[in-house]
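A.B. asks: Before I ask anything, let me first share the structure, which is written out below as structure tokens.
The values are calculated or read from the model by the stated rules, or taken from the named source; none is laboratory data. Predicted, not measured: the structure shown is a model, and the values here were computed from it. Every residue, glycine as well, gets a Cβ built from its backbone with ideal geometry; the counts of neighbours run over all protein chains shown.
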Amino acid sequence: MRDAYDVIRAPMITEKMGLLAETANVIAFRVAPDANKIEIRQAVETIWKVTVKDVRTANFQGKMKRMGKFAGRRSNWKKAYVTLAEGQTIPEMG
């Protein structure tokens, strides 16, 4: 099993995620592209000592970007929506 900090890369702190956290108790994280739902669940439960109810994931393709005449591509990434059990919170997120 991988280290929990290798699976969870960064929290997604946006206005939309703030609304989801208040209404549905959902927190979003940027995770390793090859991480599966079980690894994500175990990582969140290990790091923050909370109970995870559900994990949903979404893969994003990197966009093509230009810098003058040079073209490049941003890297692909993965987002995980983690639903916490009723009454559970992550203090750093809210």
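A.B. asks: If the Cβ limit is 8 Å and pairs must be 6+ apart or interchain, which residue in the range 81-94 that is over 13 Å from Lys49 (Cβ atoms) pairs with which residue that is assigned to a helix (DSSP H, G or I) and among the basic types (Lys, Arg)?
C.D. replies: Sorted first by the residue in the range 81-94, then by its partner, the pairs are Val82/Arg41.
A.B. asks: Please count how many residues of the range 40-82 are exposed (fewer than 10 other Cβ atoms within 10 Å of the Cβ) and under 18 Å from the mean Cα position of the chain (by Cα).
C.D. replies: 3
A.B. asks: May I pose another question? Would you be able to say whether some residue in the range 1-12 is at negative phi, of a type in the set (A, V, I, L, M, F, W, C), part of a strand (DSSP E or B) and within 13 Å of the chain's Cα centre (by Cα)?
C.D. replies: Looking for residues that are at negative phi, of a type in the set (A, V, I, L, M, F, W, C), part of a strand (DSSP E or B) and within 13 Å of the chain's Cα centre (by Cα), one finds at least one in the range 1-12, hence yes.
A.B. asks: Something else: Report, ordered by the first and then the second residue, all pairs with beta carbons closer than 6 Å, sequence separation of six or more or different chains, a first member in the range 39-61 that is under 17 Å from Ala24 (Cα atoms), and a second member that is aliphatic (A, V, I, L, M) and part of a helix (DSSP H, G or I).
C.D. replies: Val52/Val44; Val55/Ile40
A.B. asks: Here are some residues: Ala21, Ala35. Which one is at pLDDT 95 or above and among the hydrophobic types (A, V, I, L, M, F, W, C)? Step through it out loud before you land on a result.
C.D. replies: On the way: Ala21 fails: at pLDDT 95 or above.
Of the residues listed, the single one that is at pLDDT 95 or above and among the hydrophobic types (A, V, I, L, M, F, W, C) is Ala35.
A.B. asks: Give the number of residues within the range 4-30 that are closer than 21 Å to Thr51 by Cβ and not aromatic (Phe, Trp, Tyr).
C.D. replies: Here is the first cut: in the range 4-30, the residues closer than 21 Å to Thr51 by Cβ are 4-5, 7-8, 11-12, 17, 20-29.
Going one step further and asking which of them are not aromatic (Phe, Trp, Tyr), we end up with 4, 7-8, 11-12, 17, 20-28.
Of the residues in that region, 15 qualify.
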